[in-house]
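Each reported figure results from applying straightforward, stated rules to the coordinates on display, with no laboratory input. Computed from a predicted model, the values in this text were never measured in an experiment. Every residue, glycine among them, receives a Cβ derived from its backbone with ideal geometry; neighbour counts consider all protein chains shown.
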Amino acid sequence: MSVWGILAVMMSLSIATAQQQRVPTLPPSEVVQRIKDTSVVVLDVRTPAEFAEGYIPGSRLIPVQELPQRLRELESLREKTIIAYCRSGNRSAHAVRILRHNGFNAFNMSGGILEWKHHGYPLTTPKPAVRKP
């Protein structure tokens, strides 16, 4: 790879990191405390497949790709604090920008579910559907 190619990659990474840092962010250690409060809602912005692998208990799933079209579903949460997370914190940073632009009090969980798991915080998985005969 040329020097220019390396510089382009480094600039892209710097821009992505700067964009993530421009949104209010909370570490998982603070999120685990805040979610005990009923005025806090945890929003998982990953894909349904990622969600099925395990999610923070009590999370609501709205994939970031669908968020702009599904903001109406969150209208009743305007008075609450929304904490968004994804796998690593990048998609949820984008989701927080969307939410804040639309008047919601939202925060990004730094490090995403990878960091959450690293600290050993609890995850849950969806219960399998029960088939009726």
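Assorted remarks:
- FRET efficiency, residue 65 to residue 100 (Cβ-Cβ, R0 25 Å, nearest 0.05): 0.90
- Kirkwood's formula applied to the C-alpha pairs of the stretch 23-118 gives a hydrodynamic radius of 12.9 angstrom.
- Amide hydrogen proximity for residue 41: with H placed 1.01 Å from N in the peptide plane, the residues at 5 or more positions away or on another chain lying under 5 Å are 81, 82, 83.
- Amide H within-cut-off set for residue 26, under 5 Å, with H built and near neighbours excluded: 108, 109, 110
- Estimated D of the stretch 70-133 in µm² per second, where Rh is the Kirkwood radius over Cα pairs and Stokes-Einstein applies at 10 °C, 1.306 mPa s: 118 µm²/s
- Most simply put, the stretch 23-118 has about 0% antiparallel DSSP beta bridges, counting only bridges with both residues inside it.
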